[in-house]
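Asker: Mind having a look at this structure? Questions to follow.
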Amino acid sequence: MNHTPHPAHDHVLLRTEGHAAHITLNRPKALNALTHPMVLRIDEALSAWADDPRVAQVVIDGAGERGLCAGGDIRAIHEDARTGGTASADFWRDEYRLNALIARYPKPYVALMDGIVMGGGVGVSAHGSVRIVTERSKVAMPETGIGFVPDVGGTYLLALAPGELGTHLALTGAPVGAADALLCGLADHFVPSSQLPPLVKDLSTSPVHDVLERYVTQPPPGTLDAARDWIDHCYAADTAEEIIERLRASGVPAAKEAADTLLSKSPTAVKVTLAALRRARHLGPLERVLEQEYRVSCAALASADLVEGIRAQVIDKDRDPHWSPATLAHVTPAHVDRYFAPPGTRELRLDAIAPSQEVVW
């Protein structure tokens, strides 16, 4: 009798080398975009390795040359939203549980954030205890461009960024390189991409914090630190409309570009994202923020803008989304509040538990 291997087994490659266990996301043609079976396979592996005394640390990377992971399977989400399905809500429930598991993992979780790391890719990397970026890294939460809102704990991470840097990145969806990812707290260490293979090899025989000493160096300069003045001033405004007014009045060309970028995004997504970030600052641990994100994501699944945004950016690629409502002024506070309302039976409940002690070699 022939057994057809489950696609997740091809799309998530697992192996152990010495004291290190490895997860490789293996959908390079789809830039390693996550599917529900992939999330479940990662969760299962991490749960098993947590109790395995032979495994001292876990390493995650992506197959191919382009990056770790571009996010979730957007086309599948589009079809689900278009037809009123529940597959995306089921996927997010398990994905957000995985994000929380990574954040509380009892052993060093080493994320190689080389190349593109966006959306769900941030979720499987930036909650880890050892987050490594390279000169090729492009880290982003670009959800507002498809009528969605940063999730996978993205609003938690960005709410913790210095000043209003996280607000800028969440609303514009702008990608950041290594230095700016370090500045914003999305990564911990810079290692040149050419040094990743020997670093990974060394992890099989030595603890990660011993290995890092040999490879960590200074990243090329970023751009956000020099922009802190206008970013912190403009994005501290109470409303999206006032943020845009401040950006345009600042006299800084990059600020005007940011205003234009914001106006190209889904007005609803911009306002809901701003509210989600502000609320995240007061919610406490990651688990509470993931629960809020689940409410918001499920509400977005039923919105016209998510279907239209994915159509314009991914399906038809005409880059001409017709948002509804079409302007920020037409997105009312009541409209925004609906995204945070309890969805009844579709609540996500996560236990907030303290991380266990790291393994001592």
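The values are calculated or read from the model by the stated rules, or taken from the named source; none is laboratory data. Just so we're clear, the structure is a prediction, and the values are computed from it rather than from any experiment. Cβ sites come from the backbone with ideal geometry, for glycine too, and all protein chains shown count toward neighbours. These accessible areas exclude ligands, DNA and RNA; they are computed on the full protein's heavy atoms, side chains included. Shrake-Rupley method; radii C 1.70, N 1.55, O 1.52, S 1.80 Å.
Asker: What are the pairs with Cβ atoms under 8 angstrom where one residue, in the range 304-321, is aliphatic (A, V, I, L, M) and the other, located anywhere, is part of a helix (DSSP H, G or I) and loosely packed, with under 15 Cβ neighbours inside 10 Å? Sequence gap at least six, or different chains.
Answerer: Between residues of the range 304-321 that are aliphatic (A, V, I, L, M) and residues that are part of a helix (DSSP H, G or I) and loosely packed, with under 15 Cβ neighbours inside 10 Å, the close pairs are 307/82; 310/75; 314/75; 315/75.
Asker: Assess whether residue 98 counts as being open to solvent by less than 20 Å² (accessible area, probe 1.4 Å), farther than 21 Å from residue 203 by Cα and modelled with pLDDT of 95 or more. Walk me through it before giving the result.
Answerer: Numbers: open to solvent by less than 20 Å² (accessible area, probe 1.4 Å): yes; farther than 21 Å from residue 203 by Cα: yes; modelled with pLDDT of 95 or more: yes.
Spelling it out, residue 98 is indeed open to solvent by less than 20 Å² (accessible area, probe 1.4 Å), farther than 21 Å from residue 203 by Cα and modelled with pLDDT of 95 or more.
Asker: On the basis of being open to solvent by 30 Å² or more (accessible area, probe 1.4 Å) and more than 17 Å from residue 73 (Cα to Cα), does residue 19 make the cut?
Answerer: Judged against the criteria, residue 19 is a match.
Asker: So, of the residues in the range 33-67 that are in contact (Cβ under 8 Å) with a residue 40 or more places away in the chain and in a loop (DSSP other than H, G, I, E, B), which turns out to be farthest from residue 11 (Cα to Cα)? Don't jump to the end; show me each part of the working.
Answerer: Within the range 33-67, the first condition is being in contact (Cβ under 8 Å) with a residue 40 or more places away in the chain, and the residues that meet it are 33-36, 39-40, 42-43, 46-47, 49-50, 55-63, 65-67.
Next cut, in a loop (DSSP other than H, G, I, E, B) only: 33, 35, 55-56, 63, 65-66.
Numbers: 33: 9, 35: 9, 55: 22, 56: 24, 63: 9, 65: 16, 66: 16 Å.
The residue in question is 56.
Asker: Whether any residue in the range 211-224 is closer than 14 Å to residue 250 by Cβ, of a type in the set (Gly, Ala, Ser) and in contact with a helix residue (DSSP H, G or I) (Cβ under 7 Å, 6 or more places away or on another chain) is what I want to check.
Answerer: no
Asker: Checking residue 83 against (1) closer than 30 Å to residue 178 by Cβ; (2) out of contact with any Ser or Thr (no Cβ under 6 Å at 6 or more places or on another chain); (3) not small (Gly, Ala, Ser), which test does it fail?
Answerer: (1)
Asker: Only one residue in 177, 147, 163, 153 is out of contact with any Cys (no Cβ under 6 Å at 6 or more places or on another chain), of a type outside the set (Val, Ile, Thr), on the phi > 0 side of the Ramachandran plot and open to solvent by 10 Å² or more (accessible area, probe 1.4 Å). Which one?
Answerer: 163
Asker: Further, regarding this structure: For the range 192-235, how many residues meet the condition of being within 19 Å of residue 257 (Cβ to Cβ) and either in contact (Cβ under 8 Å) with a residue 12 or more places away in the chain or outside any helix (DSSP H, G or I) (or both)?
Answerer: First pass over the range 192-235, keeping only residues within 19 Å of residue 257 (Cβ to Cβ): 222-235.
Filter once more, so that each one left must be either in contact (Cβ under 8 Å) with a residue 12 or more places away in the chain or outside any helix (DSSP H, G or I) (or both): 222-225, 227-228, 230-235.
Adding up the residues that qualify gives 12.
Asker: Show the residue pairs meeting these rules: Cβ distance below 6 Å; 6+ apart or different chains; first residue within the range 90-116 and closer than 21 Å to residue 178 by Cβ; second residue of a type in the set (Lys, Arg) and assigned to a loop (DSSP other than H, G, I, E, B).
Answerer: Sorted first by the residue in the range 90-116, then by its partner, the pairs are 114/136; 115/66; 115/136; 116/66.
Asker: Exactly one condition in (1) modelled with pLDDT of 95 or more; (2) surrounded by fewer than 23 Cβ atoms within 10 Å (Cβ to Cβ) is false for residue 271; which is it?
Answerer: The number of the failed condition is (2).
Asker: Here's a follow-up. Return yes or no: is residue 193 hydroxyl-bearing (Ser, Thr, Tyr), in contact with a Ser or Thr (Cβ under 8 Å, 6 or more places away or on another chain) and open to solvent by 10 Å² or more (accessible area, probe 1.4 Å)?
Answerer: So residue 193 passes the test.
Asker: Next question, about the same structure. What about residue 264, is it hydroxyl-bearing (Ser, Thr, Tyr), closer than 17 Å to residue 326 by Cβ and modelled with pLDDT of 95 or more? Lay out the reasoning, then the answer.
Answerer: Details: hydroxyl-bearing (Ser, Thr, Tyr): yes; closer than 17 Å to residue 326 by Cβ: yes; modelled with pLDDT of 95 or more: yes.
Yes, satisfied.
Asker: Let me ask another. Any residue in the range 38-50 that is open to solvent by 20 Å² or more (accessible area, probe 1.4 Å), of a type in the set (Asp, Glu) and within 20 Å of residue 290 (Cβ to Cβ)?
Answerer: yes
Asker: Okay, moving on. Can you pull out every residue in the range 162-177 that is under 14 Å from the mean Cα position of the chain (by Cα), over 17 Å from residue 229 (Cα atoms) and of a type in the set (Gly, Ala, Ser)?
Answerer: 170, 173, 174
Asker: Only one of (1) in contact with an Asp or Glu (Cβ under 8 Å, 6 or more places away or on another chain); (2) among the polar types (S, T, N, Q); (3) surrounded by fewer than 16 Cβ atoms within 10 Å (Cβ to Cβ) fails for residue 332. Which number is that?
Answerer: All conditions are met except number (1).
Asker: Of the numbered conditions (1) open to solvent by 40 Å² or more (accessible area, probe 1.4 Å); (2) in contact with a strand residue (DSSP E or B) (Cβ under 9 Å, 6 or more places away or on another chain), residue 233 fails exactly one; give the number of that condition.
Answerer: (2)
Asker: Is at least one residue of the range 253-260 in contact (Cβ under 8 Å) with a residue 60 or more places away in the chain, within 26 Å of residue 124 (Cα to Cα) and small (Gly, Ala, Ser)?
Answerer: There is no residue in the range 253-260 that is in contact (Cβ under 8 Å) with a residue 60 or more places away in the chain, within 26 Å of residue 124 (Cα to Cα) and small (Gly, Ala, Ser).
Asker: Regarding residue 276, is this residue at pLDDT 95 or above, part of a helix (DSSP H, G or I), open to solvent by less than 10 Å² (accessible area, probe 1.4 Å) and more than 23 Å from residue 72 (Cβ to Cβ)?
Answerer: No: the conditions fail for residue 276.
Asker: Return the residues of the range 162-185 that are more than 10 Å from residue 140 (Cα to Cα) and in a loop (DSSP other than H, G, I, E, B); say none if nothing qualifies.
Answerer: 162, 163, 164, 184, 185, listed by residue number.
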